[in-house]
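Notes follow once the structure below has been shown.
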Amino acid sequence: MHLSPSENKTFNPSTFLLTGFPGLEYAHRWISLPFCIIYLTVILGNSTILHVIRTDASLHEPMYYFLAMLALTDLSLCLTTLPTVLGIFWFSSREITFSACFTQLFFIHSLSLVESAVLLSMAFDRFVAICNPLRYGSILTTQRIVRIGLAFVFRSFSLICPLPFLLRRFHYCRTNVLSHSYCLHLEIMKLACSDIIINHIYGLTVVAFTVGTDSLLILLSYIFILKTVLSIASREERLKAFNTCISHVCAVLLFYVPMIGLSLIHRFGERAPHIIHILMSYVYLLAPPLMNPIVYSIKTKQIRQRILKKLCSVKFIQS
């Protein structure tokens, strides 16, 4: 809806309104139950992965350090969205100040870029382990892993840092109602009456430079991995090499497929039902943190054995 110049001047909100499931407000308490289960599973699963890796010295290897980074990122991403999502479902708390919204936006987008970078690091780990196993220990030293992690965190936070400032300069005169239960750059940008071309260009540039580059490098690493594995004579060795990559491939698909789907819906799915936008946004932010610990617990023998060992020791103590 386009407002007249006089209306534009009078409507100047100081807060945004978040959206749960429109038309289902009466059922928000019931809808919150599966979300509570998901959030508890995310927190428990990723905390367990972190605890097992931290306390078991045999898992202090590059592969598991990167897995710990992934679990920490997923846990942080979950905790970033938890307050506003459950606040709407439990207390009908829809209002969020500009400062709180921009802060949440900053962490959501920054952590998403960190996750993309961690997945790239894990692909590099698999590439070195399979294509250059004799130099694995000398290439991926603990010091180098820490530097890689810090570099990717700095890259992500520094690139997202301008977004809140770019959004703060806008005048919001159309509406202050957001389409989701948390703040995203594209959603806030749509509410502005100002020229948003700079935000569009900067947002696309950041995505292309980070997620685009990361995904291409991951694909390239797997091309080299596939070439190396297919040259192995023994069928058992080939299967063993492929097995070490399955968990990471699942994590990559869980992250990139919902992200691509949400981006396509935001840009080209204006006629799609609003419920599709809402559900895709939840899948984008909750599917990777929920499924990654499950995938790695099932497909990674060392992690699975350590978790079962911890559970058995707890049962023994209780008995």
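The values are calculated or read from the model by the stated rules, or taken from the named source; none is laboratory data. Everything numeric in this text was worked out from a predicted model, so none of it was measured. Reconstructed Cβ throughout: ideal geometry from the backbone, glycine too, with neighbour counts over all protein chains shown.
Tell me, yes or no, whether the range 282-295 has at least one residue that is exposed (fewer than 14 other Cβ atoms within 10 Å of the Cβ), within 30 Å of Val153 (Cβ to Cβ) and not charged (D, E, K, R). Yes, there is a match, as at least one residue in the range 282-295 is exposed (fewer than 14 other Cβ atoms within 10 Å of the Cβ), within 30 Å of Val153 (Cβ to Cβ) and not charged (D, E, K, R). The helices (runs of 4 or more DSSP H) located wholly in the range 116-233 that include 1 or more residues which are small (Gly, Ala, Ser) and out of contact with any strand residue (DSSP E or B) (no Cβ under 9 Å at 6 or more places or on another chain) occupy 136-139, 142-160, 197-207, 213-230.
A residue that is more than 21 Å from Thr210 (Cβ to Cβ), part of a helix (DSSP H, G or I) and among the small types (Gly, Ala, Ser) can be found somewhere in the range 76-87. Of all the listed residues (Ile223, Ile246), the sole one being touching a helix residue (DSSP H, G or I) at 6+ places or on another chain (Cβ under 8 Å), closer than 29 Å to His60 by Cα and at pLDDT 80 or above is Ile246. Determine if the range 44-64 includes at least one residue that is over 23 Å from Val252 (Cα atoms), within 19 Å of the chain's Cα centre (by Cα) and free of Cβ contacts under 8 Å to residues at least 40 places away in the same chain. No: the range 44-64 contains no residue that is over 23 Å from Val252 (Cα atoms), within 19 Å of the chain's Cα centre (by Cα) and free of Cβ contacts under 8 Å to residues at least 40 places away in the same chain. Looking across the range 184-210, the residues that are touching a Leu at 6+ places or on another chain (Cβ under 7 Å), crowded, with 19+ Cβ neighbours inside 10 Å and among the hydrophobic types (A, V, I, L, M, F, W, C) come down to Leu184, Ile188, Val206. The number of residues in the range 81-107 being under 14 Å from the mean Cα position of the chain (by Cα), buried (at least 21 other Cβ atoms within 10 Å of the Cβ) and either hydroxyl-bearing (Ser, Thr, Tyr) or farther than 18 Å from Thr15 by Cα (or both) comes to 1. Just one of the listed residues (Ser138, Ser92) is small (Gly, Ala, Ser) and at negative phi, namely Ser138. Among the residues making up the range 264-275, a single one is in a helix (DSSP H, G or I), without any contact (Cβ under 8 Å) to a residue 24 or more places away in the chain and surrounded by 13 or more Cβ atoms within 10 Å (Cβ to Cβ): Ile265.
Based on this model, can you work out whether Val211 counts as hydrophobic (A, V, I, L, M, F, W, C) and within 30 Å of Phe124 (Cβ to Cβ)? Answer is yes for this residue.
Residue-by-condition table, conditions (1) surrounded by 18 or more Cβ atoms within 10 Å (Cβ to Cβ); (2) in contact with a Pro (Cβ under 6 Å, 6 or more places away or on another chain); (3) without any contact (Cβ under 8 Å) to a residue 12 or more places away in the chain:
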{"site": "Thr213", "(1), (2), (3)": "no, no, yes"}
{"site": "Leu217", "(1), (2), (3)": "no, no, no"}
{"site": "Val252", "(1), (2), (3)": "yes, no, no"}
{"site": "Gly261", "(1), (2), (3)": "no, no, no"}
{"site": "Gln305", "(1), (2), (3)": "no, no, yes"}
